[in-house]
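Engineer: Below is the structure I would like to discuss, written out as structure tokens.
The values are calculated or read from the model by the stated rules, or taken from the named source; none is laboratory data. Owing to the predicted nature of the structure, the values given are computational and were not obtained by experimental measurement. FYI the Cβ positions are ideal-geometry reconstructions off the backbone, even for glycines, and counts take in every protein chain you see.
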Amino acid sequence: MERDEKRMAGGYEITHAIHIGNTEIVMGENPKAPEDERYMVADYKEKGILAQYVNCCASDDFIELAEVFAERLTEQIRQIKKQRDKTLCGKKPIDRNEGALLPLADDIKGKVIVINADCLRPEYRSPINQLYLANSGNGTSMNARGTAVYCTNLYDKSDTRMERYDILGIIEPENLPEWAKRGLDEIQTKRAQAENNKKKKKSEVER
């Protein structure tokens, strides 16, 4: 029976790892490291194709670093709870039984889409992580070959890529919760202003 491939980071074998929120907290051991650096704790973050271990610290005291590991985990949990409570959206994710949920249209560009909570990590299964404005991508059209849908989150305004098959349906703006209505309005207003500025600059150049 083959052993699972070890996960390594700078000579340390990762022995503990918990991914919650936007960070994976890891703990590792390197018997060949200097005596006072045998154990390490770090944050592992991914952004697109880039990934790196940051906020690293090392010690010869396993328990001391285990406490650091636990403190970082607790902080991630605190941030997620704060984010969720701020919107008053509750814990229950939007599901197929949501009365305002409409089936996907042939073209969903410019529509508010609802991501299936089952495709999200457990800590992200709440409305603030399900509601997006669909912007572009082959997946916005039902008959396109690709499934990518590039969209903007209505809560934190972050841009990301989702897949058409992970979308439960669409919701009309008037049926959105208040925090989502505000988010949608902010996104659309900012884009309208950017478009007006672009037209203004073009007009000035043509004079």
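Engineer: For the range 74-125, enumerate the residues that are basic (K, R), within 26 Å of T189 (Cα to Cα) and modelled with pLDDT of 85 or more.
Structural biologist: The first filter runs over the range 74-125 and keeps only residues basic (K, R), leaving 78, 81-82, 84, 86, 91-92, 96, 109, 111, 121, 125.
Applying the additional criterion that residues be within 26 Å of T189 (Cα to Cα) yields 84, 86, 109, 111.
Those that are basic (K, R), within 26 Å of T189 (Cα to Cα) and modelled with pLDDT of 85 or more: K109, K111.
Engineer: Select, from A66, A33, the only residue that is among the small types (G, A, S), more than 30 Å from N175 (Cβ to Cβ) and assigned to a loop (DSSP other than H, G, I, E, B).
Structural biologist: On the way: A66 fails: assigned to a loop (DSSP other than H, G, I, E, B).
Within the list A66, A33, the selection yields A33.
Engineer: Which residues, counting only those in the range 140-153, are surrounded by 15 or more Cβ atoms within 10 Å (Cβ to Cβ) and either within 24 Å of N97 (Cβ to Cβ) or within 15 Å of the chain's Cα centre (by Cα) (or both)?
Structural biologist: V149, Y150, C151, T152, N153
Engineer: Kindly indicate whether K32 is at pLDDT below 90 and of a type outside the set (A, V, I, L, M, F, W, C).
Structural biologist: On the way: at pLDDT below 90: no; of a type outside the set (A, V, I, L, M, F, W, C): yes.
In short, no.
Engineer: Next up: Taking the range 154-183 as the region of interest, how many residues are in a strand (DSSP E or B), farther than 18 Å from E46 by Cα and within 18 Å of the chain's Cα centre (by Cα)?
Structural biologist: Count: 3.
Engineer: Looking at the range 62-70, is at least one residue touching a Lys or Arg at 6+ places or on another chain (Cβ under 9 Å) and surrounded by 15 or more Cβ atoms within 10 Å (Cβ to Cβ)?
Structural biologist: no
Engineer: Do you know which residues across the range 36-56 are of a type in the set (A, V, I, L, M), assigned to a strand (DSSP E or B), free of Cβ contacts under 8 Å to residues at least 12 places away in the same chain and surrounded by fewer than 10 Cβ atoms within 10 Å (Cβ to Cβ)?
Structural biologist: To start, the set of residues in the range 36-56 that are of a type in the set (A, V, I, L, M) comprises 40-42, 49-51, 54.
Next, from what is left, pick out any that are assigned to a strand (DSSP E or B): 40-42, 50-51, 54.
After this cut, where a residue has to be free of Cβ contacts under 8 Å to residues at least 12 places away in the same chain as well, the list is 50-51.
Residue satisfying the conditions is L50 alone.
Engineer: Scan the range 90-109 and give yes if some residue there is over 16 Å from I20 (Cα atoms), touching a strand residue (DSSP E or B) at 6+ places or on another chain (Cβ under 8 Å) and not in a loop (DSSP other than H, G, I, E, B), otherwise no.
Structural biologist: yes
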